[in-house]
Amino acid sequence: MRVKAQMAMVMNLDKCIGCHTCTVTCKQVWTNRPGTEYVYFNNVETKPGIGYPKRYEDQEQWHGGWTLDKKGRLQLKAGGRLKKLLSIFYNPDLPSIDDYGEPWTYDYQKLIEAPLGTQNPSAHSISALSGRDMDMKWGGNWDDDLAGATEHALHDPNLSNIEQHVQMEFEQAFMFYLPRICEHCLNPSCVASCPSGAMYKRDEDGIVLVDQDRCRGWRFCVSGCPYKKVYFNHRTGKAEKCTLCAPRIEVGQPTVCSETCVGRLRYLGLILYDADKVLEAAATPDPHDLYEAQLEVMLDPEDPEVAAEAARQGIADDWMEAARRSPTYALAKKHKVALPLHPEYRTMPMVWYIPPLSPVADIVHAAGYDEADPDRVFATIDSLRIPIEYLANLFTAGDVEPVRRVLRKLAAIRATMRAEQLGLEPNDELGRAVDTDPTDLHDLYRLLAIAKYEDRYVIPMAHAEDAGRLLSQHEQMFCSLDTEGGPGMGGAGPVSEEPNTFRGDDGRVHFNLLGWDGASTSPHLFPEAGGS
Amino acid sequence: MTGASGGEVFWWVAVPYFALGVFVLGHIWRWRYDQYGWTSRSTQLQEQTTLKWGSPIFHYATFAAIGGHVLGILIPASFTNFIGIPDHVYHKFAAIAGTVAAVLVIVGVVILAGRRLTIPRVRATTSPVDWLALVLLGIIIVTGIIPTIWNMFGSAYDYRNTVSPWFRGLFTGHPDVAAVSTAPTIYQVHAIAAWAIWMVWPFTRLVHAWSYPLWYLVRPYVVYRSRVPNRLNEPGTSGRRWRRVGTRF
Ligand code: SF4
Ligand code: SF4
């Protein structure tokens with residue numbers, strides 16, 4: 001058993017209102033630079049829809065992720081190492097910028113400089129790639145809120161095998177939002193595809209990162225990721241991706257997209273897993289079993305054996321404590337209400353989703369829904385507005401059973417809590433029917449409905465004292481991604497009272513080495529005698 | 001080296017050694033100061049339909065051409081004779097293989113240069129030093145191809161006994177200036193342009209050639225790394241200093 005910790009995210013899709021706040025704040029922090037205009041580390045897509053970039057979910061077209069060869073061994077879908085090296089001059093699976101949407105800005109100067117006249121001047125669109133006038137034809141959210149759905153939505157790869165049930169007429173249409181970030185996979189195909197070895201999975205917390213200094217721009221990570229969450233910076237010629245806001249996670253803060261989510265639908269917490277079992281699980285023959293296989297890889301932090309092994313392998317006590325309190329572990333493994341996105345890509349994704357239920361209940365009411373009667377509650381799950389097959393195509397490789405189970409559980413919580421609130425007789429039948437005892441049901445209710453900041457984000461700080469054989473990242477004055485021209489934002493940290501010191505995000509005072517003459521005093525540069 | 005005029009020494013001794021010096025020092029400098037700018041600067045994201053043909057053709061044909069140079073310049077004629085390849089066989093092979101490679105290099109470079117010139121998205125990513133490298137490459141290719149094709153139609157000029165010994169001599173410390181200075185002008189221009197491109201090499205995207213990731217064939221698929229601090233910049237430099245070279249942005 002090789003115990004590793006993974007910072008994982010769960011999103012509760014029921015609560016997503018599609019406001020794009022996460023997208024905007026992430027963009028402002030990480031990709032507001034030339035070269036990344038078209039890049040959204042976080043994007044929110046309307047489902048059904050073709051996604052960003054176009055039809056990225058169709059791996060027969062893009063060859064992202066892993067597949068099994070004839071002997072059942074795990075292989076990159078785009079082909080082996082030699083094939084990659086030989087096609088390095090032209091990557092046959094790379095999306096073009098037009099699949100994402102050519103980035104543009106506007107000729108605002110025109111508004112100011114236009115000569116006086118009767119017509120209002122207008123600013124027209126200019127390509128951010130070439131600086132020339134352009135017509136906008138596609139962009140990251142072109143099909144937001146089912147815009148142009150009659151034309152585009154049926155090209156959604158998740159609809160391919162259920163097209164006959166799906167109506168695109170206004171009255172019968174369904175939709176929900178799917179916020180997406182990098183999955184920080186346990187078996188990342190982007191890392192495996194990078195010929196330079198510039199991409200890596202961070203040992204301590206599983207965050208998948210690109211070393212900007214080692215990337216040589218070979219582009220295979222971009223095509224290797226089935227979620228298309230590695231992007232090519234067209235100005236620097238290097239790959240960039242969601243960092244899970246690593247500099248924030250290191251100091252115990254939630255990611256920007258989580259922090260700013262108005263629906264408070266994101267959860268962050270550690271999940272322990274057995275690194276020795278990952279490849280075996282990813283090679284599970286039947287795609288329907290991949291979801292279960294991934295659950296199997298996760299380790300129970302309450303299990304004394306796991307705890308002992310983790311301690312032996314150097315996982316600190318506060319991390320174990322955080323793993324025990326982890327909301328993501330609770331949602332994914334303990335209560336099994338969160339599901340992975342496209343497990344069939346075999347990358348073992350670690351951003352999980354609680355499937356949406358809301359659009360169901362309304363129709364259901366009309367159909368004689370009665371929360372006192374489990375049969376009535378559950379029967380309706382199959383007549384949801386969002387076809388259960390569609391959700392299954394997203395979350396369980398097409399296996400409807402796990403999705404049905406989750407939706408039933410959610411419906412049971414809702415019915416039970418509603419009864420309690422209204423002072424009606426709670427119906428224990430409901431909980432029993434979904435194999436959940438009343439305590440668990442209430443736990444889950446609390447986690448889903450009223451969890452506070454500290455319950456939604458359980459993020460232990462990085463251990464600088466042993467990781468910091470040299471100078472640890474979060475003890476620097478800068479964000480650890482803040483190399484010049486890199487994805488950081490630049491600028492100094494907050495200032496503090498003593499000269500040449502500042503108070504870090506971790507709440508401690510640090511000495512600012514920048515501009516130090518090497519001779520004058522340097523308070524807080526080294527730990528004070530007797531510990532801090 | 002007796003009897004060589006000052007001009008000859010300049011072109012056939014000073015320029016090559018200077019270029020080699022710039023080549024080596026330039027690479028060391030760039031490697032240390034500009035890891036961030038060290039990239040192939042691919043434009044496949046912007047444009048794919050012509051790149052699909054142009055890039056593989058150009059790169060593979062260039063490999064063939066480089067192989068031909070190794071054969072023709074680094075390996076002495078006496079060696080091929082020794083292992084039993086008569087001169088006329090060698091020349092026939094060199095002319096035919098060389099012409100095929102040459103034609104493909106031309107096709108590739110025409111596609112790539114045409115693309116760079118005419119497609120605004122790609123053009124916008126091209127820095128002045130890229131244009132310089134492209135022009136030098138053009139000169140090298142044209143002056144390299146004309147004699148190759150010429151040689152196919154009879155009257156072969158025997159560069160293996162003039163240009164090649166001079167080139168090898170540069171590395172043993174005894175460049176044969178007399179031999180190279182009697183070579184036809186077209187060979188001389190070819191050689192000088194080649195030295196020029198060695199000089200600009202470290203300052204362009206051409207550095208990506210040294211990063212061809214052969215290591216990928218043997219390393220484990222998933223790479224794990226521990227959290228480490230940023231490498232600090234060398235005192236007195238900013239990490240970006242070299243970035244402008246080779247990238248306009
Ligand atoms: S989702 Fe993230 S970790 Fe997984 S393959 Fe894509 S970029 Fe890599
Ligand atoms: S975790 Fe950070 S970088 Fe990743 S999508 Fe969210 S805000 Fe963006």
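The values are calculated or read from the model by the stated rules, or taken from the named source; none is laboratory data. Since we're looking at a predicted model, the values are computed, not measured. In this analysis, Cβ positions are derived from the backbone assuming ideal geometry, glycine residues included, and neighbour counts consider all displayed protein chains. Please note that ligands, DNA and RNA were not included when accessible areas were found on the heavy atoms of the full protein model with its side chains. Shrake-Rupley method; radii C 1.70, N 1.55, O 1.52, S 1.80 Å.
Brief remarks follow.
- Filtering the range A:219-235 to residues that are open to solvent by 10 Å² or more (accessible area, probe 1.4 Å) and within 7 Å of chain B (Cβ to nearest Cβ) leaves A:219, A:235.
- Qualifying residue in the range A:16-27 (condition: in contact with a Gly (Cβ under 8 Å, 6 or more places away or on another chain), within 16 Å of ligand 1 (Cβ to nearest atom), open to solvent by less than 60 Å² (accessible area, probe 1.4 Å) and at pLDDT 95 or above): no
- Those residues of the range A:167-210 which are within 16 Å of ligand 2 (Cβ to nearest atom), without any contact (Cβ under 8 Å) to a residue 40 or more places away in the chain and open to solvent by 10 Å² or more (accessible area, probe 1.4 Å), in sequence order: A:209, A:210
- One residue alone among A:283, A:275 is within 9 Å of chain B (Cβ to nearest Cβ), touching a strand residue (DSSP E or B) at 6+ places or on another chain (Cβ under 7 Å) and among the aliphatic types (A, V, I, L, M), and that residue is A:275.
- Test result for residue A:88, among the β-branched types (Val, Ile, Thr), touching an Asp or Glu at 6+ places or on another chain (Cβ under 9 Å), open to solvent by less than 40 Å² (accessible area, probe 1.4 Å) and away from ligand 2 (no atom under 16 Å from the Cβ): no
- Among residues of the range A:188-210, those that are in a loop (DSSP other than H, G, I, E, B), more than 8 Å from ligand 1 (Cβ to nearest atom) and either closer than 21 Å to residue A:352 by Cβ or outside the structural domain of residue A:19 (by TED's automatic domain parsing) (or both), counted: 4
- Residue among A:310, A:282 that is more than 15 Å from the chain's Cα centre (by Cα), more than 30 Å from residue A:69 (Cβ to Cβ) and at pLDDT 95 or above: A:310
- The set of residues in the range A:59-75 that are open to solvent by 10 Å² or more (accessible area, probe 1.4 Å) and touching a Gly at 6+ places or on another chain (Cβ under 9 Å) comprises A:59, A:63.
- Single unsatisfied condition, residue A:78 versus (1) away from every other protein chain (no Cβ under 14 Å); (2) under 30 Å from residue B:218 (Cα atoms): (1)
- Selection within the range A:340-351 - at negative phi, surrounded by 24 or more Cβ atoms within 10 Å (Cβ to Cβ) and either more than 10 Å from ligand 1 (Cβ to nearest atom) or basic (Lys, Arg) (or both): A:340, A:343
- Members of the range A:108-149 that are of a type outside the set (Phe, Trp, Tyr), assigned to a loop (DSSP other than H, G, I, E, B) and buried (at least 16 other Cβ atoms within 10 Å of the Cβ): A:128, A:129, A:130, A:134, A:140, A:141, A:143
- Among residues of the range B:183-226, those that are open to solvent by 50 Å² or more (accessible area, probe 1.4 Å), of a type in the set (Ser, Thr, Tyr) and away from chain A (no Cβ under 12 Å), counted: 1
- All of (1) within 14 Å of chain B (Cβ to nearest Cβ); (2) open to solvent by less than 10 Å² (accessible area, probe 1.4 Å) hold for residue A:56 with one exception: (1).
- Candidates A:269, A:263, filtered to the one that is within 16 Å of ligand 2 (Cβ to nearest atom), open to solvent by 10 Å² or more (accessible area, probe 1.4 Å) and more than 13 Å from chain B (Cβ to nearest Cβ): A:263
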